[in-house]
Amino acid sequence: MTIRLRLLSLLALLSLGVGACKKTDNIDPSDPSFSVSIPDINFEKALIDLKIDTIQDGKLRLVNAQRVYGLNLYNKNISSLQGLEAFTKLTNLDCSLNNLASLDISNNLALSRLDCNGNNLTNLDISKTITLTRLGCSENKLTSLDVSKNKNLAHLECSSNGLTSLDVSKNSALVRLVCNDNKLASLDVSKTIALVSLTCSSTNLASLNVSKNASLIYLDIKNTNITSLNLANNVALTELICSGNKLSTLDVSKNKILTHLTCSASTLTSLNLSQNIALTDLYCDNNKLISLDISTNTKLIHLDCKNNNLTGLDVSKNTVLTELFCSGNNLNTLDISKNTNLIALSCGGASLSSLDVSKNVALARLSCSGNKLASLDVTRNPVLTDLYCFNNKLTTLDLRNNSSLKWLTCNGNTIPVICIANPDQITTTWLKDNSATYQVCK
C-alpha cells in the first residue's frame, strides 16, 4: 500500500473515533441506561413536588437522584419506593405514614436518619446503614429488629410493633429509646449508660434494672407487670411515669429533682414525697393511700389523688396549685382558702358537708357532686364555666354572677328556685330537677 493510501485510511479511522465520542458526550435524558425506574405514581408525584423530577413518566434521571441528601415523603400514599437505590448520597429519609410493605435501604449507605413510622413493614434490614444515628420505625408489623450493627444509633423509636425481644447491648451511644406497645418480656439497658429517656410502657416486662442508667431523666414504664422499682441511682430523674403496674411500694427519696410523678392505678398504700421539693405534677390516683403529706411540695401545680382511702388532705402549703382532683376519698373537710390560683377542683364522691370556694375567684371548673352539701355559694366565682353539684342536699343556688357558665348539672337536690341574672344566661347544657325553676332575681 502506498504511503498516500495509508494516510487516507488513518484519517478515516480518526474521523470515526471522533464521531463516536461526540455521540457519547450528548447524553439523552430519556435513555433508560441513565435513568432509574419509579413505578409508584405517588412516589414520582412527591419527587416532582420536591422539584427532584419534572415529568410524570415512571422514571428519574440518575444524576437528579444523586444530588439529593434529604427526602421528605411523609404521608404521600406511597406503596413502593423502588428507585430509592439511586439516591446514594441520601442522609435523611422520612417515609412515614405511607403504605409500604417493604423498604430496601441496602444501597443508601450514607443514611444517618430514617423515619418509616406508620407503614406495613414486616421486616427492616438496617445492617448496612452503619452511619444511622436516628431510627423511627414505630407502628409497623415488625416482629424482630436487629440493631447490633448500628453502633452510632442515638435515638431509637420502635413502639407499636410485635417485638418479643430487643437487644440494645451493642448500642452504647443510645440516648433515647422508645419501645412501648410491644410484647417484650425483658429489656437489658445495662450497656446503654448514656440513656437519657426510656419509654417501655405497655409491654410484658416483669422487671427492669435501671441502676446503670445514672443519666436517665425521663422514665415511662406504665402498664407493665413490674412489681418493684429501684431508682436509687437515678438521681437525675425529673419525670417518672409508672402507673398501671403492680407496685405496692415506691421509693423516690433519692430523686430530689423529680418534677413529674405519675404512679396511678397501682396498689400503693403509702407515698413519701418529703424529699421531692421540686415536684410540680403529682398523679397518684386509684391507689390505696390512706394519707398523703404534700406539705413540702410547695411547687405543686397539678394534684390528682382521687379514688384512694384518704380521710384528710392538707393543701394549705400548696398555694400555686391550679388543679386539684380528690374525689372518691373519705374526706369530711377540705380547706382550699389558701389555693387562690385554683382553676379546677373535683371533690365529688366524698363526705363533705360544707365547701367554701369564696377565695377561689379564678375557679373555672367545679365538680362537687355526691357529697352532703347543704349550701354552695358560687357568687364569687365569676369565671366559672363548669359546675357539677348533683346529688347533694342543696336547697338554693344563685347563678347571677356566673355569666360564663356553660355546663351545669344540679339535679338530685331539693332546689325550688335557681336564681339567674337574665333568661339569656340559660343554655341547653344546663340540667336540673323538673321541680326546680329558673327565676330572675334582684
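Among the aspartates and glutamates, select those whose C-alpha is under 16 Å from the C-alpha of residue 393, and discard any that sit fewer than 8 residues away in the same chain.
356, 377, 433
In whole angstrom, note down how far apart the Cα centers of the stretch 316-348 and the stretch 416-436 are.
27
Using amide H atoms built 1.01 Å from N in the peptide plane, name the residues 5+ places from residue 412, or on other chains, whose amide H lies under 5 Å from its own.
For residue 412, the qualifying residues are 391, 433.
In terms of Cα to Cα distance under 17 Å, which lysines are near enough to residue 256, apart from those fewer than 8 places away along the same chain?
Partners within reach: 299.
When ranked by the protection proxy of mean other Cβ atoms within 10 Å per residue, highest first, what sequence do the peptides 164-173, 337-346 form?
Peptide ranking by packing, descending: 337-346, 164-173.
Test of understanding: express the Cα radius of gyration of the stretch 267-363 as a ratio to 2.2 N^0.38 Å, with N the residue count.
0.98
Counting only helical runs of four or more DSSP H residues, what would the 222 nm mean residue ellipticity of the chain come to if each run contributes -39,500 (n - 2.57) and the total is spread over all its residues?
Calculated from helices alone, the mean residue ellipticity at 222 nm is -2500 deg cm²/dmol.
Helix 3-25: angle to the longest alpha-carbon principal axis of the chain, degrees 0 to 90, nearest 10?
So the helix axis and the longest Cα principal axis differ by about 10 degrees.
Which of the aspartates and glutamates could a cross-linker span from residue 406 if the Cα-Cα distance has to be under 14 Å and same-chain partners fewer than 8 positions apart are dropped?
Within the straight-line cut-off, residue 406 pairs with 386, 424.
What full-extension length gain, to one decimal in nm, is calculated for residue 45 and residue 404 as 0.36 nm per residue of separation minus the Cα-Cα distance?
Computed gain between residue 45 and residue 404 is 124.2 nm.
In the chain, if every C-alpha pair distance is counted and binned at 20 Å from zero, what percent goes to each bin?
20, 32, 29, 13, 4, 2, 0
Just to verify a number: FRET efficiency for residue 102 and residue 227, C-beta to C-beta distance, R0 = 41 Å, to 0.05?
0.50
Based on the Cα coordinates of the stretch 50-105, what is the per residue volume of their convex hull in Å³?
In the stretch 50-105, the Cα convex hull volume per residue is 83 Å³.
Using the Karplus curve 6.51 cos²θ - 1.76 cosθ + 1.60 with θ = phi - 60°, work out ³J(HN,Hα) for each residue of the stretch 162-173 in order, rounded to whole Hz, and write x for Gly and Pro.
Whole-Hz 3J(HN,Hα) from phi for the stretch 162-173: x, 5, 9, 8, 8, 9, 10, 5, 8, 9, 5, 8.
What figure in square angstrom, to the nearest 10, would you give for the accessible area of residue 400 with a 1.4 Å probe?
Answer for residue 400: close to 80 Å² accessible.
In Å and whole numbers, how far do the C-alpha atoms of the stretch 303-442 stretch along each principal axis, longest first?
Principal axes ranked by extent give 40, 26, 22 Å for the Cα atoms.
The values are calculated or read from the model by the stated rules, or taken from the named source; none is laboratory data. Computed from a predicted structure; not experimentally measured. Note that we place each Cβ from the backbone using ideal geometry, even for glycine, and neighbour counts take in every protein chain shown. Quick note on the areas: whole protein, heavy atoms, side chains included, nothing else; ligands and nucleic acids left out. Shrake-Rupley method; radii C 1.70, N 1.55, O 1.52, S 1.80 Å.
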